[in-house]
Amino acid sequence: MRRRRRGLSLGPATCVGLLLACGLAGEATAYVRYRTKPPADGGLGQPYAWGVASVDVVGYPSGLPNMTSDQISNAMSAAVAAWDKTDSTNATCSYLKLNFAPAAATAIPPAAARDHLNQIAIRTGVWTDICSRLNDGSDDCHQPGELALTTVWSRSCGEIVEADVEVNADVASPMQFMWADLDVNMTSGLHDLQNALTHEMGHFIGLDHTCALGPGASDGEVDDLGNPVPDCSDATIPEMQATMYPSSEAGDVTKRTLSPDDHAGLCSIYPLGTTPMSCGGQQSSGCAVADAGGHETSSPEHRHGQRWPVLLGFVAALGSAISLRSRRRR
Ligand SMILES: [Zn+2]
């Protein structure tokens, strides 16, 4: 089963230009896990988790005009490290080891496909021309407004077997996302690469968004407490700064650092003192016969994709407000 989560998107659908009105305090939302498609007879799908304790990730550090290869590589490495057990905070509760290695700056990243290579790639071509063919014969193409995208392959029981991260660096797009390391380049309008990649690495390990962009967009998903995933329109400022909040904007670096709920999600899925088991922590004979070789089923992401016209409407209408928010964050 392949599941593609629309990664960070541009700009919030809520709280635009009205930061005070959106609340400055409040309880953070709980974490949400990726799940397989729900069974036909009802109930929840299987939660996603890697079936191994150590996962390799290769980054392709080229393609961004405002960043050197070293800067790109460092941003990728830091984003991976945020979820790795060698982080001092994670070390107290998680066993998951993530091993980042940069490819040569001249290396060309392969397509996001089930090829047994977990990668982070910068896509400089036309973003919306990147498509893959689904089993039903339809094409699943990247959507306008996506800053980045993570595709996760799992067995039918939820065991993650591969994940690929792609960054939208399509300068020919009307959106023209420009990436930088905002520690060294604070030019207005730039998106922080480490910020976006830290979010995508959350998907990489099996986490889903903390809230849904658009009314009724949660598709019946629930958080770790069993509560329906809320609409993002109710998000407080701290909630909007959580790594797994689904949208970001130029100038945002808040998602570089895991929030307590992001951290709780990591440590819940990969708790220290346990060993990974296939099938999302459950021993199941179903995993032995599941196809992990790239067999793609009709993706739940088709339902998520239906939200995009709504979101794009927000983006088009809120351009000036997005700029205002960028300035106010600095
Ligand atoms: Zn996302």
| Packing-wise, with mean Cβ within 10 Å as the measure, how do 198-207, 86-95, 57-66 rank, highest first? | 198-207, 57-66, 86-95
| said: Students often check this: by mean Cβ neighbours within 10 Å, which of 176-188, 68-80, 35-47 ranks highest, and how do the rest follow? | reply: 68-80, 176-188, 35-47
| said: If each residue of separation counts as 0.36 nm, what is the full-extension length gain between residue 173 and residue 224 once their alpha-carbon separation is subtracted? | reply: 14.6 nm
| task | Rank by packing, highest mean first: peptides 125-134, 233-242, with packing defined as the count of other Cβ atoms within 10 Å averaged across residues. | result | 233-242, 125-134
| remark: Computed D for region 30-137, Stokes-Einstein, Kirkwood radius over alpha-carbon pairs, 25 °C, 0.890 mPa s, to the nearest µm² per second, is 147
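Bear in mind these aren't lab numbers, they're just calculated from the coordinates by the rules spelled out. Computed from a prediction, not measured in an experiment: that's the story for all the values here. Virtual Cβ from ideal backbone geometry, glycine too; neighbours counted across all protein chains shown.
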